1. Tell me which of these PHE173 doesn't satisfy, since it passes every other one: (1) open to solvent by 10 Å² or more (accessible area, probe 1.4 Å); (2) without any contact (Cβ under 8 Å) to a residue 60 or more places away in the chain; (3) away from the ligand (no atom under 12 Å from the Cβ); (4) farther than 23 Å from GLU112 by Cβ.
2. In region 41-57, what count of residues is obtained for those that are in contact (Cβ under 8 Å) with a residue 12 or more places away in the chain, more than 13 Å from the ligand (Cβ to nearest atom) and either assigned to a loop (DSSP other than H, G, I, E, B) or within 17 Å of the chain's Cα centre (by Cα) (or both)?
3. Looking only at region 152-184, which residues are at pLDDT 95 or above and among the β-branched types (Val, Ile, Thr)?
4. Within region 2-11, does at least one residue satisfy the condition of being assigned to a helix (DSSP H, G or I) and within 22 Å of VAL228 (Cα to Cα)?
5. Scan region 102-117 residue by residue and report those that are aliphatic (A, V, I, L, M), within 15 Å of the ligand (Cβ to nearest atom) and more than 25 Å from ALA70 (Cβ to Cβ).
6. In this structure, does ARG85 turn out to be away from the ligand (no atom under 16 Å from the Cβ) and basic (Lys, Arg)?
7. With the checklist (1) of a type outside the set (S, T, N, Q); (2) in contact (Cβ under 8 Å) with a residue 40 or more places away in the chain; (3) closer than 21 Å to GLY21 by Cβ in hand, flag the one item ILE109 doesn't pass.
8. Every residue in region 138-154 that is part of a loop (DSSP other than H, G, I, E, B), in contact (Cβ under 8 Å) with a residue 60 or more places away in the chain and within 13 Å of the chain's Cα centre (by Cα), please.
Amino acid sequence: MDGHPLQGRCAIVTGAGHGLGRAFAARLAADGAQVVVADLDRAAGEAAAAELGAAGASAIALATDVGDPASVEAMVAGALGAFGRVDILVNNAAVFQRVPLVDGDFASIPLEHFEHVLRVNVIGMWLCARAVVPDMRRRAYGKVINLSSATVFKGAASTLLQYVTAKSAVLGFTRSLARAVGPDGIRVNCVAPGRTDAAGPGAADAAAARPERLRERAIARVEVPADVVGTVSFLAGPDSDFITGQTIVVDGGAVMH
Ligand SMILES: NC(=O)c1ccc[n+]([C@@H]2O[C@H](COP(=O)([O-])OP(=O)(O)OC[C@H]3O[C@@H](n4cnc5c(N)ncnc54)[C@H](O)[C@@H]3O)[C@@H](O)[C@H]2O)c1
């Protein structure tokens, strides 16, 4: 298991077709896990899984809407069919960038949009957890990792209130689920990244556009996916087996929680 702490494990990463989820999937695969890339964007999910396969990993893509119970059940059935087990769930999919949020004054958020954000970003996590827990219970071991955001500790005055509301709920969901399934050997934790820019040419531009964001960090530089993947790897692996119900902020020390 040296260097491959997740050898023999199977991980589902939702929203792994793009962005942070794609980076999490790559890291868990490098850790030795078999990976299910579950994304609403079928083409992106298939491209991500093909990339992992080309790098020597076992990976499949399953087009999934985490807000749809039937789709989530099909995702887990597909994972069990391919790999026979699910040990790790990374609840990463969200209405955020690829499926964009409606920005603007808090009072102008369309009701249907607010409901959809809660549906995907909160209830979707519950649907996925509910679907994987029976298999984890069978082996009395499992890891659920939920993505929140460091923004929840600061709030956002007038923009993206629906997103911050949903991401705040993820903390309570994490704690309550950790208590509910702890007796079954299932650990549930939360990662709260700061604003993370995709690695590459855009990152410097994005940082330049928001210098105040960098100033508030104790480590005052742009955050990239590589800054977050290690925490997800740690929470997925055996070194964190006595940690549950926790939220780890990964934002360069802007928020100290
Ligand atoms: N990037 C950041 O700055 C940042 C900061 C804090 C927290 N986060 C959180 O990290 C996670 C990933 O963020 P990101 O920047 O990579 O976002 P992103 O928008 O780039 O990626 C989200 C992924 O989820 C997928 N998705 C959307 N709705 C879905 C659904 N209903 N079912 C299945 N898949 C769906 C999208 O297709 C996409 O691949 C999110 O939970 C986000 O809230 C991101």
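The values are calculated or read from the model by the stated rules, or taken from the named source; none is laboratory data. Predicted model, so just to flag it, every value in this text is computed and none were measured. Glycine also receives a Cβ, built like all others from the backbone with ideal geometry; neighbour counts cover every protein chain displayed. Quick note on the areas: whole protein, heavy atoms, side chains included, nothing else; ligands and nucleic acids left out. Shrake-Rupley method; radii C 1.70, N 1.55, O 1.52, S 1.80 Å.
1. (4)
2. Matching residues across region 41-57 total 2.
3. Across region 152-184, the qualifying residues are VAL152, VAL164, THR165, VAL170, THR174, VAL181.
4. No, every residue in region 2-11 fails to be assigned to a helix (DSSP H, G or I) and within 22 Å of VAL228 (Cα to Cα).
5. Applying the first criterion (aliphatic (A, V, I, L, M)) to region 102-117 yields 102, 107, 109, 111, 117.
From what is left, the residues that are within 15 Å of the ligand (Cβ to nearest atom) are 102, 117.
Matches in region 102-117: VAL102 only.
6. Numbers: away from the ligand (no atom under 16 Å from the Cβ): yes; basic (Lys, Arg): yes.
It is true that ARG85 is away from the ligand (no atom under 16 Å from the Cβ) and basic (Lys, Arg).
7. (3)
8. Within region 138-154, the subset part of a loop (DSSP other than H, G, I, E, B) is 140-141, 148-149, 154.
Checking the rest, the ones that are also in contact (Cβ under 8 Å) with a residue 60 or more places away in the chain come to 148, 154.
Of everything in region 138-154, just one residue is part of a loop (DSSP other than H, G, I, E, B), in contact (Cβ under 8 Å) with a residue 60 or more places away in the chain and within 13 Å of the chain's Cα centre (by Cα), namely SER148.
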